[in-house]
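Report on the structure given below.
The values are calculated or read from the model by the stated rules, or taken from the named source; none is laboratory data. Worth saying up front: this structure is predicted, and the values here are computed from it rather than measured. Here Cβ is always computed from backbone atoms with ideal geometry, including for glycine, and neighbour counts include all displayed protein chains.
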Protein chains: 4
Amino acid sequence: MSRRPNTAQRRSEIVQALLATMAEYGYEKSTIQLIAQAAGLAPGLLHYHFKTKGEILVELVRTLAQLSLQRYHALAANAATPDARLHAYLHARLGKGDGADPRAVAAWVVIGAEAVRLPEVRAVYQEAIGAEKALLEDLLGACLAERGKSLEGVAPLAAALLAMMEGAFQLASAAPGSMPDGYAAPMARQLVDSHLAAG
Amino acid sequence: MSRRPNTAQRRSEIVQALLATMAEYGYEKSTIQLIAQAAGLAPGLLHYHFKTKGEILVELVRTLAQLSLQRYHALAANAATPDARLHAYLHARLGKGDGADPRAVAAWVVIGAEAVRLPEVRAVYQEAIGAEKALLEDLLGACLAERGKSLEGVAPLAAALLAMMEGAFQLASAAPGSMPDGYAAPMARQLVDSHLAAG
Amino acid sequence: MSRRPNTAQRRSEIVQALLATMAEYGYEKSTIQLIAQAAGLAPGLLHYHFKTKGEILVELVRTLAQLSLQRYHALAANAATPDARLHAYLHARLGKGDGADPRAVAAWVVIGAEAVRLPEVRAVYQEAIGAEKALLEDLLGACLAERGKSLEGVAPLAAALLAMMEGAFQLASAAPGSMPDGYAAPMARQLVDSHLAAG
Amino acid sequence: MSRRPNTAQRRSEIVQALLATMAEYGYEKSTIQLIAQAAGLAPGLLHYHFKTKGEILVELVRTLAQLSLQRYHALAANAATPDARLHAYLHARLGKGDGADPRAVAAWVVIGAEAVRLPEVRAVYQEAIGAEKALLEDLLGACLAERGKSLEGVAPLAAALLAMMEGAFQLASAAPGSMPDGYAAPMARQLVDSHLAAG
DNA sequence: AATGAATGAGCATTCATTCAT
DNA sequence: AATGAATGAATGCTCATTCAT
């Protein structure tokens, strides 16, 4: 008699389609037509499942943020010590292969720029950044605690590492040839290890 | 009887206007009308001085890259040692005040995202990043040489610092409240100092 | 074993929903989705009971016309003289309270404008206006006959009163604050009474 | 060197084009394309001279209101007595021929319905109605004063006449065949004359 | 009868670019 | 050099209607 809702499935398809187009065309040039085509759906249907194009973007931000956390948790499952967990984190975020998706990285860079001007995007972007920062502070704090050191400098250290990660995404997407191969994860590890040893 | 050309002046005014609008509206939403208004010029005049809107953007990228180098050179004028020059560089790029322009930072973030999809922008963006990276490698190399150390690891270290700087711009523009105040320049210095000491 | 059809009930619900939305949004902006929501029905169901949106409008015109006549007959039931019947009519159409529905009045105004351009609506609208005019001519004619006067001027008089009524609806819906409170029914009565006395 | 603005001229052309299309298609169906075509202009140009379609409508309301007053003043120029001026007014508003424009009447009816739902339209519509009502009260007041009568009942009388006029426009546009030919102006005159004589 | 997803044409609006003056 | 009007394609969004379930 009635028809089963399939909204969740469709919404996810649409968000994935935006991810794909945004990595190639940016947000503004990812037209509804283009996204619909990438999703294999009729254009009008996108506005049935999302009120505005901006809502698709916001959901994409949420999806990518969640994905990032999931990837860490998967890699950190077997990490026994604070240092191992920190390394797992840096590898999850900066390592190549193992589910690293250049499209997702490029889309994240575009999102970062949209967050500069779109309040709704900025809100969810900041939420994601805040969660990431809190996690990183926890990880660094555990490493410091194990060494019997003060937690005082943990906030700026986490901030600097976060910046390094975001910048690595930026440069990987916009100036790929200019960067050494696979520098990010090992270098981040070395820098933080030296700092923890010295501090 | 002909009046003297003021093209250079006008072009500069237009580029500055784009800088201003892009920080607030992004590139796509910085319409010719809006840029003209910000510059106090008639819309039609912009296409007299620039063939396309994209050309204004490319010139803006060049202008900002040049500005960044100038700021370093101004601050490094009195730096006598390699370490002093490196610190001057990090301060020039990450320090607050002293000519740090939030609008320019925001515009640079937007440019980074446009570089992902626009080949002409990517070209000049990579050129700027390449120059910055070369400068940074020089500075780091001099510090290592002074300590009698190998130059082997200089490329990834420069890359990591470059990433940290770009990421700091990103986060300063899109998630300002989330970051500790004035963390970037000191933390970058500490990390590189520890690394140079340990390496 | 088949359930009993409830088509008549559903059609009425849908028409009432259009009445409600049209008073607030007009006809064009009363979307099928909106009407369905106001009726508490699924959108698809509206096209099961009505072939097109226009058909709902036509049925609404008929419903309102019928309602108007019913209201007069209810109020005129106890009127013994021609003058009493005329007064009952004017009160039924122009009086406040007693079932006067501002939404119905507003909807009727909107219908009047749609009748300007939609032939199917104009047809039923004119039918309703014609019936109203005939009734009014009958009522006025009886008053004149009772006074032993000629029926000659009855048509323009009925037309003028009809116009006054329609205009009162218009102004009540679109410029409510501008009109004196409860002016319409008494003033119409006075004007027609003076005219019958003088004519 | 510079180009002379022609905005006033263009705006007027566009408003006239809306007047023409609205009489035939209503407001919602008067698409920008259609209005542009009626004005002989490119569609995009309409949004150069008006920010939104609604603004064109608002200007049309103002234009029609002004026109109505002008028509009265032209006809009343030679009226020496209060009664002559009142008759000139009724003739200006209800008389056929002499610049009576069926398209303007139909457009006014459509405007009246749009005023029900669009606040910006309602505002200017009410302003126009208010001005008309004030003028009518002045005219009626002068007639009463000349007869040495109280001005007490002037407000509802003006309101009733205003309603009659608006209703006459409505019926002339939506049910033309149903009304007697040229009934409105003479009948309005008779009704008000009887009333003034009797009151 | 009923549901809610799906379609696609149509809409107001935006905007880079052109051009007459 | 400069102005501001003009163009027309493109875009996000709306919506009556259809249809599989």
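Starting from segment C:174-196, take each residue that is within 23 Å of C:K149 (Cα to Cα) and list its partners that are surrounded by fewer than 16 Cβ atoms within 10 Å (Cβ to Cβ) and among the aliphatic types (A, V, I, L, M), counting only C-beta distances under 9 angstrom and pairs at least six apart or across chains. Note: pairs meeting the criteria are C:Q190/D:A198; C:D193/D:A198; C:S194/D:A197; C:S194/D:A198; C:H195/D:A198. A single member of D:Y89, D:Y48 is more than 29 Å from D:M187 (Cβ to Cβ), part of a helix (DSSP H, G or I) and among the aromatic types (F, W, Y), and it is D:Y48.
Of all residues in segment C:102-129, those satisfying the criterion of being within 9 Å of chain D (Cβ to nearest Cβ), in a helix (DSSP H, G or I) and touching a Gly at 6+ places or on another chain (Cβ under 9 Å) are C:V109, C:V110, C:G112, C:A113, C:E114, C:V116, C:R117, C:V121, C:Y125, C:Q126.
Restricting the search to segment B:70-105, which residues are among the small types (G, A, S) and out of contact with any Phe, Trp or Tyr (no Cβ under 8 Å at 6 or more places or on another chain)? Matches in segment B:70-105: B:A74, B:A77, B:A79, B:A80, B:A84, B:G95, B:G97, B:G99, B:A100, B:A104. Among the numbered conditions (1) assigned to a loop (DSSP other than H, G, I, E, B); (2) more than 16 Å from DNA strand E (Cβ to nearest atom); (3) of a type in the set (A, V, I, L, M, F, W, C), the only one that B:L41 does not meet is (2). Each residue in segment C:22-33 was checked for being part of a helix (DSSP H, G or I), near DNA strand F (Cβ under 10 Å from one of its atoms) and within 13 Å of chain D (Cβ to nearest Cβ), and 1 pass. Condition check: within 15 Å of the chain's Cα centre (by Cα) and more than 25 Å from B:A175 (Cβ to Cβ). Does B:H73 satisfy that? In short, yes. Taking residues in segment D:70-92 that are without any contact (Cβ under 8 Å) to a residue 24 or more places away in the chain, and partners anywhere that are among the aromatic types (F, W, Y), the pairs with Cβ atoms closer than 8 Å and at least 6 places apart or on different chains are D:L75/D:Y89; D:A76/D:Y89; D:A88/D:Y72.
Going by what's in this entry, would A:L144 be described as in contact (Cβ under 8 Å) with a residue 24 or more places away in the chain, more than 9 Å from chain B (Cβ to nearest Cβ) and touching a Leu at 6+ places or on another chain (Cβ under 6 Å)? So A:L144 passes the test. Filtering segment B:167-195 to residues that are under 16 Å from A:M187 (Cα atoms) and either touching a Cys at 6+ places or on another chain (Cβ under 6 Å) or within 7 Å of chain A (Cβ to nearest Cβ) (or both) leaves B:G167, B:M187, B:A188, B:Q190, B:L191, B:S194, B:H195. Do we find that A:A74 is away from DNA strand E (no atom under 16 Å from the Cβ), buried (at least 20 other Cβ atoms within 10 Å of the Cβ) and assigned to a helix (DSSP H, G or I) in this structure? Criteria not met by A:A74.
If only residues of segment B:1-21 that are in a helix (DSSP H, G or I) and over 20 Å from the mean Cα position of the chain (by Cα) are counted, the one that is modelled with the lowest pLDDT is B:T7. Report yes if C:A8 is within 10 Å of DNA strand E (Cβ to nearest atom), free of Cβ contacts under 8 Å to residues at least 40 places away in the same chain and within 11 Å of another protein chain (Cβ to nearest Cβ), otherwise no. Against the criterion (within 10 Å of DNA strand E (Cβ to nearest atom), free of Cβ contacts under 8 Å to residues at least 40 places away in the same chain and within 11 Å of another protein chain (Cβ to nearest Cβ)), C:A8 does not qualify.
To keep it simple, each residue is scored yes or no on (1) out of contact with any Cys (no Cβ under 9 Å at 6 or more places or on another chain); (2) of a type in the set (F, W, Y); (3) within 14 Å of chain A (Cβ to nearest Cβ); (4) more than 16 Å from DNA strand F (Cβ to nearest atom).
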| position | (1), (2), (3), (4) |
| --- | --- |
| C:A39 | yes, no, no, no |
| C:A42 | yes, no, yes, no |
| C:L46 | yes, no, no, no |
| C:H49 | yes, no, no, no |
| C:T52 | yes, no, no, no |
| C:L57 | yes, no, no, no |
| C:L67 | yes, no, no, yes |
| C:N78 | yes, no, no, yes |
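Cβ-Cβ contacts under 7 Å between residues 6 or more apart (or on different chains), taken from a first residue in segment B:51-67 that is without any contact (Cβ under 8 Å) to a residue 24 or more places away in the chain to a second residue that is within 16 Å of DNA strand F (Cβ to nearest atom) and not small (G, A, S), are listed as B:K53/B:I32.
Inspect segment A:58-69 for any residue being buried (at least 21 other Cβ atoms within 10 Å of the Cβ), within 16 Å of DNA strand E (Cβ to nearest atom) and under 25 Å from B:E114 (Cβ atoms) and give the result as yes or no. For segment A:58-69, residues buried (at least 21 other Cβ atoms within 10 Å of the Cβ), within 16 Å of DNA strand E (Cβ to nearest atom) and under 25 Å from B:E114 (Cβ atoms): absent.
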